[in-house]
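**Q** One structure follows; several queries about it will come next.
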Amino acid sequence: MESQILYRVQREDLPKLKELLTECFASDPLYHSLIPDQETRERLLPELFECDLWEFFKTCEIFADSPELNGILVVSDESEPYNPFQFYLTELRAQLKTDEYLIREDISLKTFWNFLMGRDYLNSRWTDQLHQENRLHLIYLAVRPQMQHHGISGLLIGEAIRYAEEHRMMISLETHNEKNVSLYEHFGFKVYGVVEKPHFHLKQYCMIREI
């Protein structure tokens with residue numbers, strides 16, 4: 001994805017983005033379901049997001065509204081070629097690091113087990129059903145709570161839509177917060193399906209914006 005408006009995140013920005021994601025997702029239903037204990041969640045979230053951002057910086061594209069980093073957009077351009085060996089090696093390293101954090105921060109292994117049983121909430125494998133390679137996948141869209149309602153979400157997602165329309169691309173995303181569904185519907189998305197696993201009171205809304 002290319003943008004003349006958004007700020008492309010640099011490696012030195014990653015620590016600030018870790019803080020941003022930790023703040024934005026502190027109350028997210030996904031992490032409350034997978035890490036029910038608040039103290040464990042507060043310890044784990046920064047480590048998990050640090051791991052995610054390291055992986056995304058190597059395999060995806062990360063944009064912000066500005067160098068002030070009040071909002072973040074992480075996208076994967078599924079139409080662009082990539083090195084499969086490098087991609088899966090990066091993914092494996094990130095997974096091993098994540099497992100290390102989960103076990104270290106909760107030696108009872110309850111959190112590790114939750115992540116194992118809830119793995120379908122943590123990936124985008126549902127997109128295989130779309131049979132659409134010319135596609136942009138939105139991995140993260142987040143805005144600092146104190147900067148919400150200032151048009152930052154619209155700026156970030158609007159740029160993704162502009163790029164997708166110019167290149168005749170479908171856009172896909174998932175959200176675990178039911179309140180976000182109407183936001184995305186406002187931008188032309190529709191619910192493609194809902195993932196709901198046993199033992200979790202959690203729904204993953206899989207959404208697409210068609211070409």
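**Q** Quote the convex hull volume per residue of the chain, based on C-alpha atoms, as a whole number of Å³.
**A** So the per-residue hull volume is 122 Å³.
**Q** Now for a separate question. State to the nearest 20 debye the size of the charge dipole of the chain about its Cα centre, where the only charges are +1 on K and R beta carbons and -1 on D and E beta carbons.
**A** Result for the chain is approximately 260 debye, rounded to the nearest 20.
**Q** Assign one of three labels to region 105-195, namely rounded, prolate or oblate, based on the Cα gyration tensor with a ≥ b ≥ c the square roots of its eigenvalues; rounded applies when a/c is under 1.5, prolate when it is not and a/b is larger than b/c, and oblate otherwise.
**A** Here region 105-195 falls in the oblate category.
**Q** Right, next: Report the equivalent ellipsoid semi-axes for region 117-170 in whole Å, largest first, defined as the square roots of five times the eigenvalues of the gyration tensor built from alpha carbon atoms.
**A** Each semi-axis is √(5λ); the values are 24, 20, 5 Å.
**Q** Enumerate the aspartates and glutamates that residue 190 could reach by cross-link, defined here as Cα to Cα under 19 Å, with residues fewer than 8 away along the same chain left out.
**A** Output for residue 190: 128, 133, 159, 165, 174, 178, 210.
**Q** Here's a follow-up. Please build a GNM for the chain, connecting alpha carbons under 10 Å apart, and tell me which residue among 97, 58, 179 fluctuates the most.
**A** Looking only at 97, 58, 179, the biggest GNM fluctuation is shown by 179.
**Q** Taking θ as phi - 60°, what are the ³J(HN,Hα) couplings along region 104-115 by the Karplus curve (6.51, -1.76, 1.60), each to the nearest whole Hz, with x for Gly and Pro?
**A** For region 104-115, the Karplus-derived couplings read 5, 7, 8, 5, 6, 6, 5, 5, 4, 5, 4, 5 Hz, x marking Gly and Pro.
**Q** For the chain, what is the calculated [θ] at 222 nm in deg cm²/dmol (nearest 500), taking -39500 (n - 2.57) for each run of four or more DSSP H residues and dividing by its residue count?
**A** Using -39500 (n - 2.57) per qualifying helix, the result is -14000 deg cm²/dmol.
**Q** Keeping all protein chains in place, calculate the accessible area per residue for region 25-184 (probe 1.4 angstrom), answer in Å².
**A** Dividing the accessible area of region 25-184 by its residue count gives 53 Å².
**Q** How would region 1-51 be classified by its alpha-carbon gyration tensor: rounded, prolate or oblate, with rounded meaning a/c under 1.5 and the a/b versus b/c comparison settling the rest?
**A** prolate
**Q** Taking θ as phi - 60°, what are the ³J(HN,Hα) couplings along region 175-187 by the Karplus curve (6.51, -1.76, 1.60), each to the nearest whole Hz, with x for Gly and Pro?
**A** 9, 9, 10, 4, 5, 7, 4, 5, 4, 5, 4, 4, 9
**Q** If amide hydrogens are placed 1.01 Å from N in the peptide plane, which non-local residues have theirs closer than 5 Å to the one on residue 70?
**A** 65
**Q** Okay, moving on. Rounded to whole Hz and in sequence order, give me ³J(HN,Hα) for region 195-209 from the Karplus expression 6.51 cos²θ - 1.76 cosθ + 1.60, θ = phi - 60°, writing x for Gly and Pro.
**A** 9, 9, 9, x, 6, 10, 8, 8, 10, 10, 8, 8, 10, 9, 10
**Q** A further question follows. Distance cut-off 26 Å, Cα to Cα: go down the list 110/179; 18/97; 16/97; 16/58 and report the pairs above it.
**A** 110/179
The values are calculated or read from the model by the stated rules, or taken from the named source; none is laboratory data. From a predicted model like this one, the values you see are computed outputs, not experimental measurements. As a convention, Cβ positions derive from the backbone with ideal geometry for all residues, glycine included, and neighbour counts pool all protein chains shown. Remember, those area values only see protein heavy atoms, side chains included, never the ligands or the DNA or RNA. Shrake-Rupley method; radii C 1.70, N 1.55, O 1.52, S 1.80 Å.
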